[in-house]
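First the structure, in the form of structure tokens, and then the observations on it.
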Amino acid sequence: MIAMGMTDTYFIWLFMRFVAGITSGIIFVLVSSIVLDYLTTKNLGSWIGFLYSGVGVGIVVSGLLVPIFHKNSSWEGTWIYLGILSIMIAIIVFLLWKGNVTISSKTPKSSPVAPKHPFLIWMIIAYSLEGFGYIITATFLVDIVYSIPSLQEYASYSWVVVGISVIPSTYLWMLAMKKWSPITVLCTAFFIQAVGVLLPILSETVIGVFIAAFLFGITFMGITTICTSYARQISLGNSNQILGTLTTFYALGQILGPLFAGWLAWQSGNYKSSILLAGGILLIT
């Protein structure tokens, strides 16, 4: 992130985003597998939702700080400030985690790469389509709102609303999984997210945009929580393996989504076709 604030060379930016993608994927898989395994061994499965609510906290913090950074410095300074903030958080995590995690000297027996439960294949496909559908809104939401003249001043706040709704969402979806079947809960989450994605082109009002941001925020990490926790239940492999597989296909969807959406936006001159594509994918899923 600091390097992105020191250059505007396109190919260097591509490399930096590539590095960011690899490292964020590694962090997600490792933290998720370590914490999920720990909670399982302590019979604290209901706490899983709190793990992913951290994403919401991060979105709220970034949504509030980025406008402040940008107002007091150039876009270069904003990236540098975010990089420094990340270093500070990394130091805190290192100091807190160092004394609380014991690394086993024994290498765990690896499991076969192929998932054994027949439904796991469909779970992976659904999760990859979620990556494709959700990332379009996650990437362009602020820009979509900003492109509506009457809503420009609310653009950055729409992302804050997403973060606020993410924080309790993962815990609430875990509670729902206890009451109804995971598949029913997952389909419900996909439908709600599709409504949230499509709403900005159905209602170009402040209330409509904020409701859309809320519906999107309350589902996108919820779907991650549902998919990862249920996949671990039906998989006979270890957590690293199944979470790594899910994250890989999720990332593939995240790569393809903005490519198609960006091309459609360029061809049409607006984001309506891109939003329809994302909403359609989510409804099909």
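Things to note:
- Of all residues in region 119-172, those satisfying the criterion of being hydroxyl-bearing (Ser, Thr, Tyr), under 13 Å from PHE210 (Cβ atoms) and in contact with a helix residue (DSSP H, G or I) (Cβ under 7 Å, 6 or more places away or on another chain) are TYR154, SER156, SER158, SER165.
- Answer from ILE87, ILE124, ILE144, ILE59 - the residue that is surrounded by 14 or more Cβ atoms within 10 Å (Cβ to Cβ), at pLDDT 85 or above and of a type in the set (A, V, I, L, M): ILE124
Per-residue answers, yes or no, for (1) at pLDDT below 90; (2) of a type in the set (A, V, I, L, M, F, W, C); (3) under 18 Å from ALA138 (Cα atoms):
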| residue | (1), (2), (3) |
| --- | --- |
| LYS178 | yes, no, no |
| ALA194 | no, yes, yes |
| ILE201 | yes, yes, yes |
| SER239 | yes, no, no |
| THR247 | yes, no, yes |
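- Residue within region 148-168 that is polar (S, T, N, Q), free of Cβ contacts under 8 Å to residues at least 40 places away in the same chain, open to solvent by 10 Å² or more (accessible area, probe 1.4 Å) and in a helix (DSSP H, G or I) present: yes
- Some residue of region 133-142 being within 12 Å of the chain's Cα centre (by Cα) and under 14 Å from GLY63 (Cα atoms): yes
- In region 30-54, the residue that is least open to solvent (accessible area, probe 1.4 Å) out of those that are in a loop (DSSP other than H, G, I, E, B) and of a type outside the set (Lys, Arg) is LEU44.
- The residue that is modelled with the lowest pLDDT, among those in region 1-29 that are in a helix (DSSP H, G or I) and surrounded by 14 or more Cβ atoms within 10 Å (Cβ to Cβ), is VAL29.
- Residues that are open to solvent by less than 70 Å² (accessible area, probe 1.4 Å) and either in a helix (DSSP H, G or I) or touching a residue at least 12 places away in the same chain (Cβ under 8 Å) (or both) within region 62-81 comprise SER62, GLY63, LEU65, VAL66, PRO67, PHE69, GLU76, GLY77, THR78, TRP79, ILE80, listed in sequence order.
- Considering LEU243, LEU259, LEU282, the condition of being modelled with pLDDT under 85 and open to solvent by less than 50 Å² (accessible area, probe 1.4 Å) is satisfied by LEU243 alone.
The values are calculated or read from the model by the stated rules, or taken from the named source; none is laboratory data. No experiment lies behind these values; they were computed from the predicted model shown. Here Cβ is always computed from backbone atoms with ideal geometry, including for glycine, and neighbour counts include all displayed protein chains. When the accessible area is computed, the model is the full protein with side chains, heavy atoms only, and any ligands, DNA or RNA have been set aside. Shrake-Rupley method; radii C 1.70, N 1.55, O 1.52, S 1.80 Å.
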